[in-house]
Amino acid sequence: MAQLVERLFEAYKLLGVSADSPLDEITRAYRRLAKKFHPDSNPEQQTYAHEMMMKINEAYSLVKDSYGYSRSENGRPAGTAEWKTDAGVDRTLWAWILRFERQREEQRLRQQQEIERKKKEDEALRKFWEKIIQQRQLEIADQKAYETIKKYAFELLANFYEKNYQNILAVRRRYLDKDFEEYIEKFKCYMKRIRSLAGSSQSKGYRKKSTALYRFLRSFILDAVRDTTSVTERRASAFESYGSATRDLQKFLGSYFSVQTMKKEELKEKFSQTLRYFEEFLSSYPDSPLIEYAKGKIEIMENFFFSYMKE
């Protein structure tokens, strides 16, 4: 700043005017000097004249800039005698200094705003990654809980088919009554654990998966204990259609929970085939007393789909 002020005073000195001179007076002084030192007016000292012209032009530009050179509404150049205070202090120079300080302050404010903007961006990014990490930690914990639920589900259903409990007639034999009752108690105990684990899930994805698996097991066991022997279906074709679809479902689930080696395409094909059997029964025998039981089987399949097939 001090260097710029010094240059400005040197410019006034070179032009031969005082710092409180109005701009029109400075312009006249510049023109006189320009005419005096123009190379055409100094054929014997053209190099010196050229150097002086450069200095004069530079000085005039600097002084003119210090006035904030512009035209007023009436066309008169700015920078007249009104720039002086009552004490004769140079207001032209102070106007230039104030403008310089204002520009520097504006630049400082812009830099400060840029720093604040960058800080906000960094803070937002930090919070974003904190949230991602927190969600990932929740997902890891929920994934462990979900794997435990799947383990319980597989153990329950594998044991169901291993004991041949899908055969209602076999279950009703006296020597198996106690075994089946013990199995049902074990199933209830596991369901309480599964419900607790599913409810503790904090990540949306695993909470949805765990809930779907719980619903599948619930629909499965409710269907397993339903008594269908009291249902009278006089049409052999209807009874056979329902029985065939039911056997296919039990075969499908028994295979899945016994080996679990089905490929994705094979699983889809068997699932679709079993579902078609029930759809054919529903469309062929809409008035059958077995309709409600068939709907229960379809509910099992729907819950199985959301638990093990839907991605």
Residue in region 185-192 that is more than 19 Å from Glu302 (Cα to Cα) and outside any helix (DSSP H, G or I) present: no
Neighbours by Cβ (under 6 Å, 6+ apart or cross-chain): first from region 116-145, within 23 Å of Ile194 (Cβ to Cβ); second not in a helix (DSSP H, G or I): Leu138/Gln202; Leu138/Ser203; Glu139/Ser203; Asp142/Ser201; Asp142/Ser203
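Using the structure shown, decide if Arg174 is charged (D, E, K, R) and modelled with pLDDT of 85 or more. Can you show your working first?
Details: charged (D, E, K, R): yes; modelled with pLDDT of 85 or more: no.
No, not satisfied.
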Cross-chain or 6+ apart pairs with Cβ under 7 Å, region 233-253 first and of a type outside the set (Ser, Thr, Tyr), then not in a helix (DSSP H, G or I): Glu233/Ser288; Glu233/Pro289; Glu233/Leu290; Ala238/Tyr285; Ala238/Ser288; Ala238/Leu290; Phe239/Glu233; Gln250/Gln166
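Search region 275-311 for residues being polar (S, T, N, Q) and in contact (Cβ under 8 Å) with a residue 12 or more places away in the chain, and hand back the single one that is surrounded by the fewest Cβ atoms within 10 Å (Cβ to Cβ). So that I can check it myself, show each step before the final result.
Looking only at region 275-311, we keep the residues that are polar (S, T, N, Q), and these are 283-284, 288, 303, 307.
Still in the list and also in contact (Cβ under 8 Å) with a residue 12 or more places away in the chain: 284, 288, 303, 307.
Numbers: Ser284: 12, Ser288: 20, Asn303: 19, Ser307: 20.
Step by step, filter region 275-311, then rank; the result is Ser284.
Can you list the helices (runs of 4 or more DSSP H) found entirely within region 1-66 that contain at least 1 residues being under 60 Å from the mean Cα position of the chain (by Cα)? Spell out how you get there, then give the answer.
Numbers: elements: 2-15, 23-36, 46-66.
Hits in region 1-66: 2-15, 46-66.
Okay, residues lined up against (1) part of a loop (DSSP other than H, G, I, E, B); (2) within 47 Å of the chain's Cα centre (by Cα); (3) surrounded by fewer than 16 Cβ atoms within 10 Å (Cβ to Cβ):
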residue: Glu155; (1), (2), (3): no, yes, yes
residue: Asn159; (1), (2), (3): no, yes, yes
residue: Asp223; (1), (2), (3): no, yes, no
residue: Arg226; (1), (2), (3): yes, no, yes
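Of all residues in region 43-52, which are in contact with a helix residue (DSSP H, G or I) (Cβ under 7 Å, 6 or more places away or on another chain) and crowded, with 17+ Cβ neighbours inside 10 Å? Even if it seems obvious, please write down each step before you answer.
In the first step, residues of region 43-52 are kept if they are in contact with a helix residue (DSSP H, G or I) (Cβ under 7 Å, 6 or more places away or on another chain); the result is 46, 49-50.
Once the filter is applied, which keeps residues that are in contact with a helix residue (DSSP H, G or I) (Cβ under 7 Å, 6 or more places away or on another chain) and crowded, with 17+ Cβ neighbours inside 10 Å, region 43-52 yields only Ala49.
The values are calculated or read from the model by the stated rules, or taken from the named source; none is laboratory data. Given the structure is predicted, the values throughout are model-derived calculations rather than measurements. So basically every Cβ, Gly included, is an ideal-geometry build from the backbone, and we count neighbours across all protein chains shown.
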